[in-house]
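To keep things clear, I will list the structure first and then write my remarks on it.
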Amino acid sequence: MVRRLAMIQLAEMPHSPPSEAFHDLLKGVAALTGHPVASDIARLYGKGVPADLSIACSHKQIANKQWLVAALAQTLPKPDGPVWVLGAWYGVLGALLLNEPALAIGQVVSLDIDPGCASVAETLNHRHVAAGRFRAVTADMMSVDFARESPMPGLVINTSCEHLDDVPAWIATLPRGLPLVLQSNDYVREPDHRSCVPSLEAFREQVGLSEVLFAGARPSPNYTRFMLIGRR
Ligand SMILES: C[S@@+](CC[C@H](N)C(=O)[O-])C[C@H]1O[C@@H](n2cnc3c(N)ncnc32)[C@H](O)[C@@H]1O
């Protein structure tokens with residue numbers, strides 16, 4: 001109940017008004033790079049955003065998602081159905097996936113339990129929403145029954161495993177053989193992290209995939225991020 005009230009307050013919280021100078025800077029970077037996602041981030045910022053958009057779009061977060069996109073292009077570049085991104089926050093990963101020419105992804109479904117995320121994610125991905133290639137939903141990933149989804153997902157991505165109370169219990173909800181991309185980390189100092197793992201091997205044991213196509217660790221100054229691509 002307390003968490004639900006907190007989430008409602010979060011959804012109703014007014015977004016910070018944009019700084020004109022910073023908006024100009026973002027638009028300048030978008031023009032310099034010619035990157036469509038940089039342009040979409042600048043546009044989103046201009047509409048007023050939650051304060052933590054800067055964390056979701058930080059160079060570390062972007063690098064972890066670029067790592068994912070590159071590994072996916074090498075392993076499962078053509079998912080056979082929509083790609084569901086769970087714990088998707090503001091939809092940055094969806095934007096990068098749909099912008100990647102090495103991937104053939106028809107649609108991204110961006111799911112987060114926080115009701116403040118969906119509208120931000122859809123504003124960021126406005127071009128893909130208009131084309132019917134992106135939608136954001138508010139739900140608890142623990143209660144999604146993928147076996148009943150039509151069409152069935154071709155791939156489920158969860159880069160927020162460290163935020164779950166019980167990762168094996170979530171894995172148990174998924175259909176056997178479902179293609180998965182999973183990320184977690186060893187950043188135990190962050191209070192919202194409840195399922196951190198100390199190593200890549202511990203992550204493999206935690207999720208128990210039937211087939212592993214990619215396993216990697218990406219160290220950064222404060223923590224190491226782990227990624228597995230395979231099948232439940
Ligand atoms: C801080 S963010 C993302 C961190 C992660 N390193 C990343 O960028 O992918 C974690 C997100 O997971 C979401 N989340 C946590 N538990 C969830 C659940 N049970 N179902 C859906 N979303 C959840 C939170 O609302 C939050 O937006």
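The values are calculated or read from the model by the stated rules, or taken from the named source; none is laboratory data. The shown structure was predicted, so the numbers you read here are calculated from the model rather than taken from an experiment. Reconstructed Cβ throughout: ideal geometry from the backbone, glycine too, with neighbour counts over all protein chains shown. With ligands, DNA and RNA removed, areas are computed over all heavy atoms of the protein, side chains included. Shrake-Rupley method; radii C 1.70, N 1.55, O 1.52, S 1.80 Å.
What the chain shows is 49 Å² of accessible area per residue, with the surface traced by a 1.4 Å probe over protein heavy atoms. The alpha-carbon of LYS78 sits under 17 angstrom from the alpha-carbon of none of the lysines, leaving out residues fewer than 8 places away in its chain. Among residues other than LEU178 with Cβ under 9 Å from its Cβ, the summed charge is +3 (Lys and Arg +1, Asp and Glu -1).
Packing, as the average of other Cβ atoms within 10 Å across residues, places the peptides 18-29, 35-46 in the order 35-46, 18-29, highest first. A Stokes-Einstein calculation at 20 °C with viscosity 1.002 mPa s, built on the Kirkwood radius of the stretch 149-191 over Cα pairs, returns a diffusion coefficient of 181 µm²/s.
Dividing the summed -39500 (n - 2.57) terms of all DSSP H runs of n ≥ 4 by the residue count of the chain sets its mean residue ellipticity at 222 nm at -11500 deg cm²/dmol. Counting only protein heavy atoms and a probe of 1.4 Å, the accessible surface of the chain is 54% carbon and sulfur. Each principal axis of the Cα cloud of the stretch 80-193 was taken in turn, and the coordinate range along them, longest first, works out to 38, 30, 27 Å. The modelled label-to-label distance for the pair MET152/ALA215, using points 7 Å beyond Cα in the direction of Cβ, is 2.6 nm.
Computed packing ranks the peptides 200-210, 82-92 as 82-92, 200-210, most packed first, by mean other Cβ atoms within 10 Å.
So for the pair ALA202, LEU32, with labels modelled 7 Å out along Cα→Cβ, what separation do we get in nm? For ALA202 paired with LEU32, the spin-label model returns 4.0 nm.
Shown here are the Rg and Dmax of the Cα trace of the chain, at 17.3, 51 Å. Ligands, DNA and RNA excluded, the heavy atoms of TYR223 present near 30 Å² of accessible surface to a 1.4 Å solvent probe.
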